[in-house]
Amino acid sequence: MCKPIEIGVSTLCANVGIERTGVLAIMMGTPNGHLTSTNPHRLPSTIAREDEHLLVAAAKKGDLSAFEELVNRYERKIFRLTMNITGNREDAEDAMQDAFLKSYSHLKDFEGTSRFYTWLVRIAANEALMRLRKRRPNQFSLDEPVETEDDLMPREIQDWGPGPEQRFAQTEMREILNNVIQELDPDYRIVFQLRDVDDLSTEETAAAVGISVPAVKSRLLRARLKLREKLAKYFQQRGGAN
Amino acid sequence: MRCSEAIREISNFIDGELGAALKHELEAHFKECEHCHLVVVQTKKAVEFYLESEPEELPGEVRTRLHGVLRKRLSSPPA
């Protein structure tokens with residue numbers, strides 16, 4: 001059930017009513033080395049969702065302070081999204097501003113079958129991708145690179161030890177994660193941002209970026225493996241130093 | 001199963017998108033191969049670390065401009 005709306009040059013799915021809990025319906029490593037299924041809770045509490053619903057209802061009636069509260073709540077995430085897609089601060093800022101403006105002017109199209117944030121993400125992703133295409137028309141390679149087995153084979157395979165993230169202060173960890181994400185090839189970073197961070201489906205990601213579903217899967221695999229490899233360098237270095 | 005075949009399926013394994021037969025084949029491989037087991041566990045953790053990290057605060061001037069634009073442009077109820 002998807003009501004398309006036209007915003008900018010692309011069509012967005014404005015009321016995706018599917019709560020995807022499976023973006024990382026993943027297998028956890030346990031102390032005994034076995035793998036078990038987990039279902040990470042990525043959604044806000046019921047209270048937060050009801051609160052969001054009330055804010056959206058008030059904003060629809062023209063309550064700007066309610067809309068501003070929604071902006072306050074999501075501006076950091078939306079700016080990270082637009083930065084990770086455009087790779088350019090000026091474009092990221094413009095895309096964020098237009099995403100919030102368009103979300104307000106199209107609030108009547110938001111039917112509340114998904115979270116407001118989910119809907120906002122699609123608008124912001126579209127704004128960011130439009131700017132990226134304008135600035136770098138050849139940014140997206142539609143073809144997959146010719147790969148050898150060695151391309152995918154992981155390096156830096158050492159045990160991180162227990163709680164590697166606890167060796168870093170929260171701000172230091174955030175800086176590390178930000179650095180490794182920025183070091184990713186933009187093709188991989190964009191897919192990672194949309195698919196893993198913003199919870200778009202594989203098909204939605206493919207449509208947004210203009211590549212095939214297999215290409216999304218291939219780039220997501222590479223993005224995740226590269227993220228692991230780059231983080232491993234920090235964790236192993238720090239582990240060795242201690 | 002060879003390590004290169006296992007690595008190629010790690011993302012689908014993490015997302016729970018594999019058929020039963022291939023999933024069991026991978027699980028069997030991860031039990032035998034410490035390297036591939038570490039890769040799948042660390043890959044999952046790496047993604048989780050990023051998802052759990054709070055985005056940075058907006059730079060002050062970016063936030064000021066955003067809220068200034070919104071106040072200026074959103075003076076009427078949504079159409």
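Numbers at a glance
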quantity: Residue, nearest to the other protein chains (Cβ to nearest Cβ), within the stretch B:40-60, restricted to residues that are closer than 19 Å to residue A:74 by Cβ and over 12 Å from the mean Cα position of the chain (by Cα); calculated: B:55
quantity: Flag if residue A:101 is facing another protein chain (nearest Cβ under 7 Å), more than 16 Å from residue B:56 (Cβ to Cβ) and among the hydrophobic types (A, V, I, L, M, F, W, C); calculated: yes
quantity: Condition broken by residue A:70, with the remaining ones in (1) crowded, with 17+ Cβ neighbours inside 10 Å; (2) in contact with a Leu (Cβ under 7 Å, 6 or more places away or on another chain); (3) within 7 Å of chain B (Cβ to nearest Cβ) satisfied; calculated: (3)
quantity: Hits in the stretch A:73-109 (condition: assigned to a helix (DSSP H, G or I), of a type in the set (Gly, Ala, Ser) and surrounded by fewer than 22 Cβ atoms within 10 Å (Cβ to Cβ)); calculated: A:105
quantity: Hits in the stretch B:21-79 (condition: β-branched (Val, Ile, Thr) and either closer than 21 Å to residue A:192 by Cα or touching a Cys at 6+ places or on another chain (Cβ under 8 Å) (or both)); calculated: B:39, B:40, B:41, B:43, B:47
quantity: Pairs where the first residue, in the stretch A:57-80, is of a type in the set (Asp, Glu) and the second is in a helix (DSSP H, G or I), C-beta under 6 Å, 6+ apart; calculated: A:69/A:55
quantity: Condition check for residue A:122: crowded, with 21+ Cβ neighbours inside 10 Å, more than 22 Å from residue B:59 (Cα to Cα) and either in contact with an Asp or Glu (Cβ under 7 Å, 6 or more places away or on another chain) or not assigned by TED's automatic domain parsing to the domain that holds residue A:184 (or both); calculated: yes
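The values are calculated or read from the model by the stated rules, or taken from the named source; none is laboratory data. If you're wondering where the values come from, they're calculated on a predicted model, not measured in any experiment. Backbone-built Cβ (ideal geometry, glycine too); neighbour counts: all protein chains shown.
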